[in-house]
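Heads up: the structure comes next, in structure tokens.
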Amino acid sequence: MNTDRVTLAAMVFAVLFGQVALYPGVPELVRALGATTTLDAGTWFLGAEYAGFVLFAGVWGAASDAAGRRVPFIVAGALGGVASYLALVGLATVTDIGFGAMLVLRFVEGSFTIAAFSLSITMLMDLEGGHGRNMGAAGIAIGSGTALGAPLGGQLSAVGPLVPIVVAAGLLCLVALLATRLTDRAPETTRRGIRAALDGLRDRPALGLPYAFGFADRFTAGFFALVGTLYFRRAFDLDAGAAGLVLALFFAPFALGQYPAGRLSDRIGRLVPVVVGSVCYGVTILGVYLAPTVELAGATMVLLGAAGALVAPATMALVTDLASDDRGTAMAGFNIAGSLGFLVGTVGGGAVADSLGFGAAFLAAAVLEAGIVLVALPALLRLDIPRAVLFGGRESA
């Protein structure tokens with residue numbers, strides 16, 4: 001991989017590591033921030049960040065398209081995230097302003113951090129070398145960040161509930177620094193205004209397909225971040241560190257499979273990885289719940305990660321295949337859909353688990369993941385793109 005691809009992958013890794021490091025210790029973290037419950041407070045804490053993602057991903061993406069530059073917006077977003085994280089730690093340490101105020105800060109943090117995350121992926125879209133390969137680099141960074149963030153985040157939480165937040169702030173500082181070393185390759189033709197960039201998406205309704213797959217995939221990520229973590233801790237009597245290790249059994253194969261799966265989708269097309277991976281993904285989610293022991297649950301999480309690795313880079317590459325010059329806006333739309341999925345996965349999954357039990361929540365997640373690709377398959381086959389992109393035969397560029 002060239003230098004910029006490696007740097008951008010490192011930036012995506014850093015953002016995701018810091019984000020996921022908070023998940024295993026969420027029950028202790030929300031209590032340190034002033035909450036009096038665990039499941040409900042954890043749901044709102046995770047959801048507040050993703051609400052910021054949803055509302056501001058499009059703003060950052062369209063602004064970068066209109067300016068024809070990505071780097072300044074990545075730096076601004078990363079430093080805004082740093083300030084928000086440090087404000088959370090500082091206020092939790094010196095005063096008791098209430099959990100509601102902490103949620104507002106969490107929302108502000110999400111509105112900034114999405115710039116660093118989404119635009120780093122967009123800069124990978126701007127690179128040459130094959131869309132599947134570039135999105136495979138993004139995928140392996142996402143998977144590696146989450147794979148290491150889960151177990152190490154659990155260990156950091158054991159040191160102190162606020163320690164993962166401090167680490168996340170430090171990593172965003174690193175992202176801002178790395179961004180200044182990059183060459184902007186945003187297409188010059190995107191300098192035509194934010195409104196025009198957003199309106200351009202109306203000309204490409206087919207983007208709704210990878211957006212739908214992104215929604216389903218991030219739904220399961222949000223689901224496991226909250227509901228899965230709490231399920232493992234309660235069903236198998238695990239602490240935060242052990243729960244993080246179980247999550248890592250998913251994220252490790254998910255990470256390691258991303259880059260080769262992205263390159264594979266350049267060769268055989270996007271269709272097979274998306275369809276086969278999504279169906280297997282949904283079936284395996286249910287298998288995690290049905291596993292009677294933590295060892296079997298962990299083994300099933302490994303299979304779940306392998307299935308997810310097939311889907312993610314092919315889906316992001318499909319966004320690049322369908323996008324024109326407004327790549328920042330197109331990838332922002334994908335991240336909005338994904339953030340909505342994560343939000344529904346945490347809030348909706350938490351609500352279902354709280355009212356109907358973990359079994360119903362796992363079933364809903366499995367049906368959504370496997371069902372959405374079956375519903376979307378006819379439209380996917382009718383996409384107005386070269387057949388080689390869907391079925392292979394040449395590398396997508």
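Read-outs throughout are calculated quantities, based only on the coordinates presented, and are distinct from any laboratory measurement. As the structure is a computational prediction, the values presented were derived from the model and not from experiment. Using ideal geometry, Cβ is built from the backbone for each residue, glycine included, and neighbour counts are taken over all protein chains shown.
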For this session: List, in order, the whole-Hz ³J(HN,Hα) value for each residue of region 249-254 obtained from phi through the Karplus relation with A = 6.51, B = -1.76, C = 1.60 and θ = phi - 60°; use x for Gly and Pro.
Result: 5, 7, 6, 5, x, 4
For this session: Please express the Cα-Cα pair-distance distribution P(r) of region 29-84 as a list of whole percents, one per 5 Å bin, running from 0 to the bin with the greatest distance.
Result: 4, 17, 18, 19, 14, 11, 9, 6, 2, 0
Exercise. What Kirkwood hydrodynamic radius, in Å, does region 89-187 give when the mean of 1/r is taken over all pairs of distinct Cα atoms and then inverted?
Worked result: 15.9 Å
Seminar exercise, completed: Comparing T329, T95, T229 in a Gaussian network model of the chain (Cα, 10 Å), the one with the largest mean-square fluctuation is T95
Seminar exercise, completed: With no solvent term and unit scatterers on the alpha-carbon positions of region 1-123, Debye gives log₁₀ I(q)/I(0) at q = 0.21, 0.23 Å⁻¹ of -1.14, -1.29
For this session: Pick out which of I97, I114, I285 has the largest mean-square fluctuation in a Gaussian network model of the chain, springs linking Cα atoms closer than 10 Å.
Result: I97
Problem set entry | Cα centre as origin, Lys/Arg/Asp/Glu Cβ charges: the chain dipole, Debye | 620 debye
Problem set entry | Bins of 10 Å, starting at 0 and running to the largest distance - Cα pair percent for region 290-397 | 11, 32, 34, 17, 5
Exercise. Taking the convex hull of the alpha carbon atoms in region 278-321, what volume per residue do you get, in Å³?
Worked result: 50 Å³
Problem set entry | Correct option for P(r) over Cα pairs in 10 Å bins from 0, in percent [calculated from the coordinates] among (1) 5, 23, 31, 25, 13, 4, 1, 0; (2) 4, 20, 27, 25, 17, 6, 1, 0; (3) 6, 25, 35, 25, 8, 1, 0 | (3)
